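Read through the structure below, which is laid out as structure tokens, and then see the notes.
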């Protein structure tokens, strides 16, 4: 099954949600207490996906809110320099700040993030800042789960999804669960299921689907797709970490992708690079099986590097890795 | 078209939302500044509907949150004494209060309400206080729009609707728009359209549908039903005040109801008495045309009396009024 | 010792703080659940004191914030009709409401109050709404402890005290402790001691002084006055309920007042009527011993009646009671 | 006039307030948008003063609240390594973060700070976390104005000042005005004047005293000291930037200090280094005139270096600079 997209759209992908600052430990493989220097990058799942798509040659736009300060200006300048349309990145006028993520890399397997998300500007985008005329210009409207975590971003995101569906724009929902800012698992389940039922493509980890289904132990993929395929979704991707990922289509088919071998530096950015390459493949008319390979290859490239956004690969790098590896992990 | 309901359910109607206190002016036809005495009644749209249904012989249950104080206990005792199951009326433990509505009756046509809704207990019901096993026992699950106005009641209401649909319980959505507590018209539109799309029966005034559709001038009924019938609704009732009401069914039929003549004392409670009698008729297997008459007759009885809840009529009163009046206004 | 006041002031007393609505049970000696009718009065400690002072012939002014609604207008009209200058009662423009006190009179000894103080307008008076020129016109500036319970009223009250002291206006501090709105006992102690140290006259119950001193068991009067007389206070009144009250002056003298026999209907309003008659006596040049009698007599009159504000006595009633009773309880 | 301090105290100085993280631009003399790397230091005015005092050989303690995360642990470890007693640095248990200050150094004269102070842990220290037994052990209790900006830190600070005065501990008040977190100038004036009236030593810039006096244009030092010397203060320091600083004593004397020539890298940290060296001199029994020199010399050393805390000088450096310079700027 191939998903069909409308031609003659100004944008391949319009992403919605947060664009923030990552502060990555310069001195790593140690506790953050001992890290004295931090390197600044653009971060935030939907911003990373937009950057990833743009580096793969797609035309990307971004809807979000950033502060009118040095960090906000850096984000806009950086994304713009990567070819992303930033005309819908509105400036916060209330003195809010960008979210910050200080990364701690104790070892390749033990990474953690010290998050500053209190009163983050991205969560204050309002319904009136979402323009129907803009959303209509996308082949794919990509919404990140974190945008649902708090009002008024929550309502702006729900409105954006409503407008996309009304205009027959395909909605991709990256579950992108982050514990901070959500009040409870039940609250997350309410909004995740509302939006997943309306999306055309849903991408997430098994743990994120468990969150959507409000399960206390690990659920199974069949139950998940039985539920979602009663509603709008046509394509559901469920990631199982190093065990690879699965894609399911509404016509009953399923596909398995595997992770590529790599020298892991840190785990951050894997999901965002996966999503951008997967969407690139789908938009390029490749089959689902190939899209799984693109996603995995892109992820394995990013986890071997220091940043998430800056490390997003080009098509040639992804395809080279796929070529080299007929050996899966 | 007749809506079919499952047999063998413990409850005809389970209502969800606020149960509050009305303080009605004892001395009326004057500004409230000159009213020195107030009479206490149970109020709040879904509570009134539940009381109305119960007085019509239906088995009603209620899901809501009330304070553990004198007003909260009065509400529970009163509703219980009217035959309503109050087992799912949870007690607030944070010192919140019931909402209050002081009514001012300047003249039959000029009524206003002085509302106390700050930190009202009903808006603090949580997702974990909504029980799937209870909702499964209803023929109709009735949700009031005001329950969507604020978190965490908003999420509890969305979860309740999700559970009702999952269990094939018919959802009736009374738009019940109240300006206080909502942040903006756009916010209201987001949640009203989310729930209206999922409901089986939607009841509201023309102004309330304009709110749902985020219109700045009066919309038309055809556009409204064209939108809603693309989704779950089977039956849509749109009230036009003294010009009567319209019912539309998914099979393309439409029906017009007219208002009954009466000596109006005040306008409060008209919508709630309408909804309870309309649902009673539908649940009793009457046709939509009859249901419109039951609704109108019940409303005309309540507006001629001092209270909303205490004035809810019995079946015999409604049917007597319908008999007497083949003359519509 | 007699306290001296400046002559040629436009006001004897300017009170600062809350003016609210009391809703007193019409049917009493029963639980509030069984009370179906409520009578409306102006309430709130400093409003009651201002009304009490005005009925005793003093010229009173009031600084406070009231809503621009029916209850707010009633309060202003009532206070104005009692001769109080209401030019400094500013209107709230944010939709806040007056506080409400539903009184429950189970028996003369068991009275309780169901309070609505959430987002009460009086607590939102701001520093910029306090005018130095107005405060300068008072002989006594009366501040009620509840005005310190929350920002921005807290800062407005602190500014008002600062301005009064700067202009050599005598500050009377009625501790008036109410548990709601305060976050903790320690928070209360911080602000009570700050203001008590700056006041000239302090009036409160023993329990209220314990609160000021952050004591977990009952303190003793000597410790209290040892502390306060190191600072500004010249006169300290400590009330011990039915055991009467004590007044202490900075010159080392102490006085004891006793409670007058009466047929108690309810306990509300005793403190406010006490304060107004006590201040009346002091301002009239009577000695402290007489002032204690005026306070006690006024309190005993108010507790025998249904309201607090409306029941405030005239001078002749107080003096008649003092005359009749050379028998103290 | 020399201020006398009690002997036999465990601490010379106990500072109260915020201990945060400074993130200083590694690449400077450019807009922060172009700075890609940041160096981490301990920051926050009272923390810097405590570090400064400790490096000058004084025994310092600190009362504050830090998060239980990597930044919080770094702060505690760093301060402890500098010899400061951190036993009263309580851990926040609500997931709050340290404040952050990203410094932008456009040029030596144009420095600005991008502040993260939303929900900063230091502002959540509570009254119950302030121990009288600890405060009693200080010669000087140093309070920073920012600790008054928000509850509950505000009440904890007011309680700490109350306890210090009760136990005859000298209170030094560093006005340390920072615009964020305060609601309005009037609010600042209320709390600044409350604490300044109770302090023994007050240190601030002319602009900060204008804030305390709620002036809209520049005030004059004579009016300031006329006001403050009516209350507790014995010693008042008013800084006029490059024009030097003035010290006034209650006995009517005044002293002028001048700024030392230096090669300025940035302006941050000048005030904190000034305060620590000034207090060191006073505590060492030096006269006020000398103390002004110590303060100025210390400030001029810190502004020539990259950090605030790490750059705090030792006594020998200060004294060398004073020796070298009989030439004032």
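Can you find even one residue in the stretch A:258-273 that is part of a loop (DSSP other than H, G, I, E, B), in contact (Cβ under 8 Å) with a residue 60 or more places away in the chain, in contact with a strand residue (DSSP E or B) (Cβ under 6 Å, 6 or more places away or on another chain) and surrounded by fewer than 21 Cβ atoms within 10 Å (Cβ to Cβ)?
The answer is yes, given that some residue of the stretch A:258-273 is part of a loop (DSSP other than H, G, I, E, B), in contact (Cβ under 8 Å) with a residue 60 or more places away in the chain, in contact with a strand residue (DSSP E or B) (Cβ under 6 Å, 6 or more places away or on another chain) and surrounded by fewer than 21 Cβ atoms within 10 Å (Cβ to Cβ).
For (1) more than 18 Å from the chain's Cα centre (by Cα); (2) within 27 Å of residue A:11 (Cα to Cα), each residue gets a yes or a no:
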{"site": "A:138", "(1), (2)": "no, yes"}
{"site": "A:162", "(1), (2)": "yes, yes"}
{"site": "A:166", "(1), (2)": "yes, yes"}
{"site": "A:174", "(1), (2)": "no, yes"}
{"site": "A:198", "(1), (2)": "no, yes"}
{"site": "A:216", "(1), (2)": "yes, no"}
{"site": "A:219", "(1), (2)": "yes, no"}
{"site": "A:223", "(1), (2)": "yes, no"}
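Can you confirm whether residue A:74 is free of Cβ contacts under 8 Å to residues at least 60 places away in the same chain, on the phi < 0 side of the Ramachandran plot, touching a helix residue (DSSP H, G or I) at 6+ places or on another chain (Cβ under 9 Å) and crowded, with 24+ Cβ neighbours inside 10 Å?
Working: free of Cβ contacts under 8 Å to residues at least 60 places away in the same chain: yes; on the phi < 0 side of the Ramachandran plot: yes; touching a helix residue (DSSP H, G or I) at 6+ places or on another chain (Cβ under 9 Å): yes; crowded, with 24+ Cβ neighbours inside 10 Å: no.
So residue A:74 does not fit the description; no.
Criterion first (touching a strand residue (DSSP E or B) at 6+ places or on another chain (Cβ under 8 Å) and under 24 Å from residue B:78 (Cβ atoms)) does residue C:119 satisfy it?
No; evaluated as a whole, the condition is false for this residue.
Mind counting the residues in the stretch B:138-159 that are at the interface with chain A (Cβ under 10 Å from one of its Cβ atoms) and in a helix (DSSP H, G or I)? Step through it out loud before you land on a result.
Narrowing the stretch B:138-159 to residues at the interface with chain A (Cβ under 10 Å from one of its Cβ atoms): B:150-152, B:154-159.
Next, only the ones that are in a helix (DSSP H, G or I) stay: B:154-159.
The qualifying residues number 6.
Among the residues in the stretch D:280-300, are any modelled with pLDDT of 90 or more, surrounded by fewer than 16 Cβ atoms within 10 Å (Cβ to Cβ) and assigned to a helix (DSSP H, G or I)?
Yes, that holds for at least one residue.
So which residues in the stretch A:84-112 are within 10 Å of chain D (Cβ to nearest Cβ) and in a strand (DSSP E or B)?
Answer for the stretch A:84-112, where residues must be within 10 Å of chain D (Cβ to nearest Cβ) and in a strand (DSSP E or B): A:97, A:100, A:102, A:104, A:112.
With without any contact (Cβ under 8 Å) to a residue 40 or more places away in the chain, within 29 Å of residue C:162 (Cα to Cα) and touching a strand residue (DSSP E or B) at 6+ places or on another chain (Cβ under 8 Å) as the only criterion, which of C:83, C:17 stands out? Please lay out each step first, then the result.
Working: C:17 fails: without any contact (Cβ under 8 Å) to a residue 40 or more places away in the chain.
Within the list C:83, C:17, the selection yields C:83.
Tell me, which residue of the stretch D:171-193 that is more than 14 Å from chain C (Cβ to nearest Cβ) and out of contact with any helix residue (DSSP H, G or I) (no Cβ under 6 Å at 6 or more places or on another chain) is modelled with the lowest pLDDT?
For the stretch D:171-193, the residue satisfying everything is D:180.
Among the residues of the stretch C:303-317, count how many are at pLDDT 95 or above and within 15 Å of residue C:51 (Cα to Cα).
Here the count works out to 4.
So is residue C:237 touching a helix residue (DSSP H, G or I) at 6+ places or on another chain (Cβ under 6 Å), in a strand (DSSP E or B) and under 20 Å from residue C:299 (Cα atoms) or not? Quick ask: steps written out before the conclusion?
Details: touching a helix residue (DSSP H, G or I) at 6+ places or on another chain (Cβ under 6 Å): no; in a strand (DSSP E or B): yes; under 20 Å from residue C:299 (Cα atoms): yes.
So residue C:237 does not fit the description; no.
Between B:276, B:254, which is in contact with a strand residue (DSSP E or B) (Cβ under 9 Å, 6 or more places away or on another chain), under 27 Å from residue B:139 (Cβ atoms) and without any contact (Cβ under 8 Å) to a residue 40 or more places away in the chain?
B:254
Out of the residues in the stretch B:60-69 that are more than 24 Å from residue B:283 (Cα to Cα) and buried (at least 24 other Cβ atoms within 10 Å of the Cβ), which is nearest to the other protein chains (Cβ to nearest Cβ)?
Filtering the stretch B:60-69 for residues more than 24 Å from residue B:283 (Cα to Cα) gives B:65-69.
Next cut, buried (at least 24 other Cβ atoms within 10 Å of the Cβ) only: B:65-66.
Working: B:65: 15, B:66: 12 Å.
Restricting to residues being more than 24 Å from residue B:283 (Cα to Cα) and buried (at least 24 other Cβ atoms within 10 Å of the Cβ), the top hit is B:66.
Mind listing whichever residues of the stretch A:301-316 are in a helix (DSSP H, G or I) and surrounded by fewer than 16 Cβ atoms within 10 Å (Cβ to Cβ)?
Scanning the stretch A:301-316 gives a single hit, A:316.
All but one of (1) over 21 Å from residue A:302 (Cα atoms); (2) touching a residue at least 60 places away in the same chain (Cβ under 8 Å); (3) within 13 Å of chain D (Cβ to nearest Cβ) hold for residue A:10; which doesn't?
It is condition (3) that residue A:10 fails.
Taking only the stretch B:113-128 into account, find how many residues are within 14 Å of chain A (Cβ to nearest Cβ) and assigned to a loop (DSSP other than H, G, I, E, B).
Adding up the residues that qualify gives 2.
Determine which single condition residue D:236 fails, assuming it passes every other condition in (1) at pLDDT 95 or above; (2) more than 20 Å from residue D:140 (Cβ to Cβ).
(2)
So how many residues does the stretch B:162-176 have that are surrounded by fewer than 24 Cβ atoms within 10 Å (Cβ to Cβ) and assigned to a helix (DSSP H, G or I)?
Selection size over the stretch B:162-176: 4.
Among the residues of the stretch D:70-83, are any modelled with pLDDT of 95 or more, under 27 Å from residue C:216 (Cα atoms) and away from chain A (no Cβ under 14 Å)?
The answer is no; no qualifying residue exists.
Residue by residue through the stretch C:1-37, note down the ones that are in a loop (DSSP other than H, G, I, E, B) and surrounded by 21 or more Cβ atoms within 10 Å (Cβ to Cβ).
Residues satisfying the conditions are C:17, C:18, C:19, C:35.
Of the residues A:44, A:57, A:17, which is more than 8 Å from every other protein chain (Cβ to nearest Cβ), touching a helix residue (DSSP H, G or I) at 6+ places or on another chain (Cβ under 6 Å) and at positive phi?
Within the list A:44, A:57, A:17, the selection yields A:17.
Among the residues of the stretch B:236-255, count how many are at positive phi and more than 17 Å from the chain's Cα centre (by Cα).
Residues flagged as at positive phi and more than 17 Å from the chain's Cα centre (by Cα) within the stretch B:236-255 amount to 2.
So, in the stretch B:91-111, how many residues would count as being surrounded by fewer than 20 Cβ atoms within 10 Å (Cβ to Cβ) and in contact (Cβ under 8 Å) with a residue 24 or more places away in the chain?
9
Which of the residues that make up the stretch A:199-246 are closer than 22 Å to residue A:157 by Cα, without any contact (Cβ under 8 Å) to a residue 40 or more places away in the chain, within 12 Å of chain B (Cβ to nearest Cβ) and surrounded by fewer than 21 Cβ atoms within 10 Å (Cβ to Cβ)?
Across the stretch A:199-246, the qualifying residues are A:213, A:214, A:231.
The values are calculated or read from the model by the stated rules, or taken from the named source; none is laboratory data. Fair warning: this is a prediction, and the values are worked out from it, not measured in the lab. Counting neighbours? That spans all protein chains shown, and the Cβs are built from the backbone with ideal geometry, glycine included.
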